[in-house]
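A quick write-up on the structure given underneath.
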Amino acid sequence: MTDQNMLTGETVGKSKWYNAIDPVTKLLFILDMALLSFASTNLVIEGGLIAMALVLLLFSKVSSTTFKALGFSLFLIFTMLVIQGLFYSQNQTVLFSIIGIHFYKEGLLYATILGSRVLVIILASGFFMVTTTISENAKYLEQSGLSYKTVYVLMSVCYILPEIMANMRKIQQAQRVRGTNPQKTFIQKLRSVLPVLIPLVIKTLDQSMTRSISLQLRGFDNPKRKALKGNNHYRLASVGHYGLTIIAVILIGWKLWTKINGLF
Amino acid sequence: MDEDKRIILKDINVRYRGADDFQLKHVNATVTAGKIIGIIGNSHSGKSTLCRVLGGVIPNIISAEIDGTCNLLGYSPKDDWQAFNASTGVVLQNPAGQLSGLADTVADELAFDLVNQGLPASFINKRVANVAAQMGLTAQLGQSPESLSGGQMQRLAIGTAIVTQPKILIMDDPTSEMDPVGRKQFFGWLDTVQDTTVFIVSSEIDDLCEVADSIWILKDGELIVHGSPEKVFNHLSAQWRIPEPTAYQLAQRMNWRLDDNRYPVTSAELKEAFDAQN
């Protein structure tokens, strides 16, 4: 390891194509995908957006967390389909019936559009989450001119959830080892969460407090702090920012215009 | 002696908000700069609270009722917090909590304090490499801190505390998660530390006796005895329930005494006592 690259924070695997895209471009990409999805009511376009986000995700880094998030969102979409298929206010045309219960075309179509939007956002966010580390975001934001204190507050929001989940896993594992929490069914899993909520929150707060003490001792708010200039491996960052921002503005403008004129 | 060459604790009393009892009671001590102080005591004796006072965590970061005077090499945590903080390095009891949480690699984590001081990258690189070598973490520099074992994490936490070359190093049980080899290496390293005053809380009595210039025993928040390891362990009260060093126990059983009639507490002294008997 040379002196130069020791402190850039570059871990193994930084040469992947998605590492050449900066975090802000990825965030703008999520915004544009969401806006495109919300601007359209065409299922083919929605399908295209889903396919595009899915391809990006599959060609980047697929993690178990992504599958869990996808599984949960598919469950949500399924419930949406059932509810809207049955009770959507503009339901008129029966599409099919199951044991005498009618599912309507209008409601199912509406739920499919909503579900597609959820999927687009989940998949696009998943691409951001699996390809960008918290520290990469922090470094980029700091190098962009934000104070480290502000960056830290922003980033701490991102890692408090994984920290809570990690603590939760530890507590539940300990419970299982003691035989007090079998967690075989979904209901058992749900029930097991409730009694550990208070110790979980206290433990996480305690960890946050320890980290806060440590950070202050380590002088993280020192006015002399200077962000280290790492090797900038991002490509076409400005082009990405301008291009995606223009697309976002156009989409917002178009949506507002169509709303005002009552076109959709 | 100059105040800026001593660590002075004068009648320190500490009570946390909402607590009935004081966690530290009338702690008085003066230490000459450059010494290694081993702090021992049973659970809830006030060891961690004392570390917090020495590190300035109380009252600057954790709010607590505190009386008395704490002066470290001329700096007061109340009056000169920035200078005080810059001259101290603290290793917390929980090594994972010591880490910034925003470093991709061990190198970045070690560099954190130096980056905060606005030092140039070339200087930081050299210092990080040097500290990593001292802590046996050179091979892990490119790894994620989260991938480290408990002992390695503790060595990283110590590394983050020494990277700024503090004049005073305060370590709260820094070897609790280390394996015997790691612990031996740590105390071997500690023995080589120069020009730094070290306060170390540890339950490793044998190792402490080998490296410490002075041992402080805390009981129920009071500093009940302090002095050289030989002096402290030769006047240990059974009521304090403090374990004795292995060398001391062996010498006592064999009645091997030093020239001044005291029992040895280190391996070198044990050999000396053995040679004197034979």
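The values are calculated or read from the model by the stated rules, or taken from the named source; none is laboratory data. Small disclaimer: the values here were computed from a predicted structure and weren't measured. Using ideal geometry, Cβ is built from the backbone for each residue, glycine included, and neighbour counts are taken over all protein chains shown.
Residues to consider are A:GLU142, A:GLU136, A:GLU163, A:GLU106; find the one that is touching a residue at least 12 places away in the same chain (Cβ under 8 Å), over 30 Å from B:ASN116 (Cβ atoms), among the charged types (D, E, K, R) and part of a helix (DSSP H, G or I).
Of A:GLU142, A:GLU136, A:GLU163, A:GLU106, the one residue that is touching a residue at least 12 places away in the same chain (Cβ under 8 Å), over 30 Å from B:ASN116 (Cβ atoms), among the charged types (D, E, K, R) and part of a helix (DSSP H, G or I) is A:GLU106.
Looking for whichever is surrounded by 18 or more Cβ atoms within 10 Å (Cβ to Cβ) and among the polar types (S, T, N, Q) here; the options are B:ASN125, B:ASN130. Which one fits?
So the residue among B:ASN125, B:ASN130 that is surrounded by 18 or more Cβ atoms within 10 Å (Cβ to Cβ) and among the polar types (S, T, N, Q) is B:ASN125.
Identify, please: which residue in the stretch B:113-122 is facing another protein chain (nearest Cβ under 7 Å) and farther than 26 Å from B:MET178 by Cβ and is, among those, surrounded by the most Cβ atoms within 10 Å (Cβ to Cβ)?
It comes out as B:VAL115.
Note down all Cβ pairs under 8 Å where the first residue falls in the stretch A:35-60 and is closer than 19 Å to A:TRP254 by Cα, the second is of a type in the set (Phe, Trp, Tyr) and surrounded by 12 or more Cβ atoms within 10 Å (Cβ to Cβ), and they're at least six residues apart or on different chains.
A:ALA39/A:TRP254
Table: residues versus (1) in contact with a helix residue (DSSP H, G or I) (Cβ under 9 Å, 6 or more places away or on another chain); (2) without any contact (Cβ under 8 Å) to a residue 12 or more places away in the chain; (3) part of a helix (DSSP H, G or I); (4) assigned by TED's automatic domain parsing to the domain that holds B:GLY34.
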{"residue": "B:GLU177", "(1), (2), (3), (4)": "yes, no, no, yes"}
{"residue": "B:GLY182", "(1), (2), (3), (4)": "yes, no, yes, yes"}
{"residue": "B:PHE186", "(1), (2), (3), (4)": "yes, no, yes, yes"}
{"residue": "B:TRP189", "(1), (2), (3), (4)": "yes, no, yes, yes"}
{"residue": "B:GLN194", "(1), (2), (3), (4)": "no, no, no, yes"}
{"residue": "B:PHE199", "(1), (2), (3), (4)": "yes, no, no, yes"}
{"residue": "B:ASP207", "(1), (2), (3), (4)": "yes, no, yes, yes"}
{"residue": "B:ILE215", "(1), (2), (3), (4)": "yes, no, no, yes"}
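A:VAL118 is checked against (1) surrounded by 20 or more Cβ atoms within 10 Å (Cβ to Cβ); (2) away from chain B (no Cβ under 13 Å) and fails just one. What number does that condition carry?
Condition not satisfied by A:VAL118: (1).
Of (1) modelled with pLDDT of 95 or more; (2) under 27 Å from B:LEU190 (Cβ atoms); (3) surrounded by fewer than 21 Cβ atoms within 10 Å (Cβ to Cβ), B:THR49 satisfies all except one. Which?
Result: B:THR49 fails condition (3) only.
Could you go through the stretch A:101-118 and let me know if any residue there is in the same structural domain as A:THR66 (by TED's automatic domain parsing) and within 28 Å of B:ASP104 (Cβ to Cβ).
no
One residue is enough: does the stretch A:79-87 have a residue meeting the conditions over 30 Å from A:ALA227 (Cα atoms), assigned by TED's automatic domain parsing to the domain that holds A:ILE30 and within 22 Å of the chain's Cα centre (by Cα)?
yes
Could you check the stretch A:226-246 and list, in sequence order, the residues that are buried (at least 18 other Cβ atoms within 10 Å of the Cβ) and facing chain B (nearest Cβ under 7 Å)?
Matches in the stretch A:226-246: A:LEU228 only.
Testing B:LEU110 on (1) surrounded by fewer than 21 Cβ atoms within 10 Å (Cβ to Cβ); (2) part of a helix (DSSP H, G or I); (3) modelled with pLDDT of 90 or more, one condition comes back false. Which one is that?
(1)
Quick check, is B:LEU169 under 12 Å from the mean Cα position of the chain (by Cα), more than 28 Å from B:ASN278 (Cα to Cα) and not in a helix (DSSP H, G or I)?
Here the answer is yes, as B:LEU169 does meet what is asked.
Report, by residue number, each residue of the stretch B:47-98 that is in a strand (DSSP E or B) and facing chain A (nearest Cβ under 9 Å).
Correct list: B:THR88, B:GLY89, B:VAL90.
Output the residues belonging to the stretch B:133-156 that are buried (at least 17 other Cβ atoms within 10 Å of the Cβ) and not in a helix (DSSP H, G or I).
Correct list: B:MET135, B:GLY136, B:LEU137, B:LEU141, B:GLY142, B:GLN143, B:SER144, B:LEU148.
State which residue is farthest from B:PHE22 (Cα to Cα) when the search covers only the stretch B:220-268 and only residues that are more than 23 Å from the chain's Cα centre (by Cα) and assigned to a helix (DSSP H, G or I).
It comes out as B:MET254.
Scan A:ILE252, A:ILE213 and give me the residue that is out of contact with any Leu (no Cβ under 6 Å at 6 or more places or on another chain), facing chain B (nearest Cβ under 7 Å) and assigned to a helix (DSSP H, G or I).
So the residue among A:ILE252, A:ILE213 that is out of contact with any Leu (no Cβ under 6 Å at 6 or more places or on another chain), facing chain B (nearest Cβ under 7 Å) and assigned to a helix (DSSP H, G or I) is A:ILE213.
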